1. Among the GluC sites (Glu not before Pro) in the stretch 52-124, which ones are in a DSSP loop with at most 15 other Cβ atoms within 10 Å of the Cβ? Mind listing them?
2. Report, in deg cm²/dmol and to the nearest 500, the calculated mean residue ellipticity at 222 nm for the chain, where each DSSP H run with n ≥ 4 adds -39500 (n - 2.57) and the sum is divided by the residue count.
3. So for the chain: antiparallel DSSP bridges make up what percent, rounded to the nearest 5?
4. Return the sequence-ordered ³J(HN,Hα) values of the stretch 146-154 in whole Hz as given by the Karplus equation 6.51 cos²θ - 1.76 cosθ + 1.60 applied to θ = phi - 60°, using x for Gly and Pro.
5. Over the stretch 17-167, what is the relative contact order in whole percent, taking alpha-carbon pairs under 8 Å and six or more residues apart?
6. Could you size up the charge dipole of the chain around its Cα centre, putting +1 on the beta carbon of Lys and Arg and -1 on that of Asp and Glu, and report it in debye to the nearest 20?
7. Which whole-number percentage describes the relative contact order of the chain, with Cα contacts under 8 Å and a sequence gap of 6 or more?
8. Per residue, what accessible area does the stretch 36-81 have, given a 1.4 Å probe and all protein chains present, in Å²?
Amino acid sequence: MARVPVLALALVALVLSACGDSSDSGGSGPVVVSAAASLKGAFTAYAEDTGGNARLSFAGSDELAAQIRQGVRPDVFAAANTKLPDVLFEEGEVGEPQVFAGNRLVLAVPAQGAKVGSLDELAGPGVTIAVGSASVPVGSYTRDVLGRLPAVQERAILANVRSQEPDVKGVVGKLTQGAVDAGFVYVTDVRATKGALKAIELPKGLKPSGAYGVAIVKGAKHPKAAKRFVAGLLDGQGADALRKAGFEPPPSP
């Protein structure tokens, strides 16, 4: 995993510090949340529905986990997988994680003039593809899908990859800008483009199980607010915002 630049880390720490009220030991101040980029729409709506008493930061889940390891202390960490919260829990950086939502990986293409109509066509000559980097959940899910294909087909598709993005929003950006013909994103990201992209569902046997995990960070300045925020994701206004954004209930164990 790439080391987060010292200057960038310092700036993030400064922003998060400024967002919270250090005198608030009980947690009535704004809850500070670091969340996966794919949660931006749902979490923003959740914060607005609850009076805006939250400070939200979005990036690739791996980048946010790295920041926590290096001393940044948001109140809540929400990732696009369960692996990262579980590892941070084992390392003593966060409390026990909870699964709060599910999502589906899809193949996304432009809604108009798409050159690709199926997964099989990704291996064709001249096709250009964007994927998430291997270290972020969307990239890991993508490689899981491709790894289940026949080896020849997998190699041909990977040969057409032109961009590996640090988070799912980067893949969406490449698609909406017309820089690539297709990309692997979550169905919620396609929905958020309001018709600019369309989703091609993956074959049933290839769909990875996309589960999102959340945990309260050890040393959180607003533990009570953090607990309320997490509780709302499980059953409340946060859960409602997630469903409206197209997220699914947490997958069964």
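1. GLU91
2. -11000 deg cm²/dmol
3. Looking only at bridges with both residues in the chain, the antiparallel portion is about 55 percent.
4. Taking θ as phi minus 60°, the curve returns 5, x, 8, 7, x, 4, 5, 5, 4 Hz for the stretch 146-154.
5. About 19 percent, as a whole number.
6. Charge dipole, the chain, about its Cα centre: 320 debye, nearest 20.
7. Here the relative contact order equals 30 percent.
8. Roughly 32 Å² per residue, with all protein chains present.
The values are calculated or read from the model by the stated rules, or taken from the named source; none is laboratory data. On a predicted model such as this, the values are computed, not experimentally measured, just so you know. Please note: Cβ atoms are built from the backbone with ideal geometry, for glycine as well, and neighbour counts cover all protein chains shown. These accessible areas exclude ligands, DNA and RNA; they are computed on the full protein's heavy atoms, side chains included. Shrake-Rupley method; radii C 1.70, N 1.55, O 1.52, S 1.80 Å.
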